[in-house]
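Remarks on the structure that follows.
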Amino acid sequence: MTNYVLDLFNRSMGGGRVAPVEIVEDEPMASTKPALMASADSGPRPADESTGKESISLSGVFRSYTNSRGSFTPALQNIDLEIEQGEFVCIVGPSGCGKSTLLHLIAGLDRPTTGEITVDGAPVKGPGTDRILLFQELGLFPWLTVRQNVEFGLKMAGVSKDERRDRARVFLRMVHLSHFEDHYIHQLSGGMKQRVALARSLALRPKILLMDEPFAALDAQTRDMLHDELERIWKETAPTIVFVTHNVREAVRLGDRVLLMSFRPGRIKKQFRIHLNRPRHVEDSDVAYLSKEILGQLREEIDRSFNAEYSREEKR
């Protein structure tokens with residue numbers, strides 16, 4: 001497990017009424033509810049939303065895998081996506097639809113079968129410190145202190161000892177863990193461990209932060225607190241964030257935009273631009289209302305997933 005974590009880390013180095021949600025669709029809708037606007041145009045943006053240049057671009061991206069019998073399993077199909085610098089994009093979809101695969105492709109830890117991925121116009125050919133992937137498994141090292149864990153990526157990048165220490169303390173202060181810098185990982189709660197992993201990622205000052213269900217294993221109270229922390233840090237440091245989650249309310253609470261992926265092979269079925277003022281909370285009535293709209297369409301893809309698995313079992 002330790003060698004696996006080290007390998008992955010090294011590779012990742014080299015209130016009011018509901019405001020409208022815009023839907024950009026691959027397929028025309030038969031009808032829309034009053035709270036949803038169907039449009040291919042991005043429309044007016046909230047004052048706090050990114051208006052920066054394109055940061056991430058995926059064009060005609062396909063990814064398929066070969067199984068032990070030599071047949072191909074398509075994971076992603078015809079992904080065309082542009083994400084602007086400083087934007088917070090959340091991705092939802094049924095299990096196995098390729099959400100994590102998409103993050104790995106952007107991170108440069110995997111290569112598309114066909115298609116092109118660029119960051120600021122440059123093709124993604126491998127991992128880089130401009131793109132940091134925060135895994136579901138945090139990969140913290142139990143024999144290192146909190147500060148040493150945060151310094152680890154900087155050490156691998158050749159940063160001097162004094163600068164590593166100073167920068168680690170800046171980001172530990174940012175995630176409110178200054179008083180725990182000399183503690184070991186087993187002495188921390190789950191939420192504190194998550195903040196250590198976040199501080200370690202931010203210490204490298206990435207342009208793009210890729211987050212794969214980072215809060216899935218946490219209790220609701222801790223998760224809500226980390227939503228607030230992540231939003232505050234995003235505003236202070238301005239990275240582009242691509243955030244994968246199974247929690248639709250979490251996606252609406254955090255995102256400028258929510259992408260709904262289809263059942264395998266995964267494609268971007270719909271895009272929802274969220275026009276709700278920040279800060280938001282998962283219990284807000286507006287967040288709940290819009291989450292229900294998105295969840296209704298997500299359930300169509302979940303049903304497709306279940307039906308496909310049921311049909312496969314029947315054929316055996």
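The values are calculated or read from the model by the stated rules, or taken from the named source; none is laboratory data. Computed from a prediction, not measured in an experiment: that's the story for all the values here. Virtual Cβ from ideal backbone geometry, glycine too; neighbours counted across all protein chains shown. With ligands, DNA and RNA removed, areas are computed over all heavy atoms of the protein, side chains included. Shrake-Rupley method; radii C 1.70, N 1.55, O 1.52, S 1.80 Å.
Computed values, structure above
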| read-out | value |
| --- | --- |
| Amide H within-cut-off set for LYS270, under 5 Å, with H built and near neighbours excluded | LEU260 |
| Accessible area in square angstrom per residue, region 106-256, 1.4 angstrom probe | 42 Å² |
| Neighbour cut-off at most 16 other Cβ (10 Å), DSSP loop, GluC sites (Glu not before Pro), region 112-172 | GLU137 |
| Low-density loop cleavage sites - trypsin sites (Lys or Arg not before Pro) in region 107-157, where at most 13 other Cβ are within 10 Å (DSSP) | LYS125 |
| Estimated vicinal HN-Hα couplings, Hz - region 106-122 in sequence order (Karplus 6.51, -1.76, 1.60; Gly, Pro = x) | 5, 5, x, 7, 8, 10, x, 5, 9, x, 9, 10, 10, 10, 6, x, 9 |
| Out-of-range pairs (alpha-carbon distance over 27 Å; input LYS193/LYS235; LYS207/LYS292; LYS125/LYS155) | LYS207/LYS292 |
| For HIS275, distant residues with modelled amide H under 5 Å away | GLU22 |
| Phi-based couplings in Hz for region 77-87 (Karplus 6.51, -1.76, 1.60; Gly and Pro marked x) | 9, 6, 8, 10, 8, 10, 10, 7, 4, x, 7 |
| Surface share of carbon and sulfur [accessible, 1.4 angstrom probe, percent] for region 50-159 | 48 percent |
| Sequence-distant residues sharing a close amide H with ILE91 (under 5 Å, placed H) | PHE243, VAL244, THR245, LEU259 |
| Cα gyration tensor shape of region 170-245, rounded if a/c is under 1.5, else prolate or oblate by comparing a/b with b/c | oblate |
| Cleavage-rule hits, chymotrypsin sites (Phe, Trp or Tyr not before Pro), region 143-251, DSSP coil, Cβ neighbours within 10 Å at most 14 | TRP143 |
| Residue-wise HN-Hα coupling along region 206-220, computed from phi with Karplus coefficients 6.51, -1.76, 1.60 (Hz; x: Gly, Pro) | x, 6, 10, 10, 9, 10, 9, 6, x, 10, 4, 8, 8, 6, 4 |
| Cα-Cα pairs of region 102-167 separated by more than 15 Å (percent) | 61 percent |
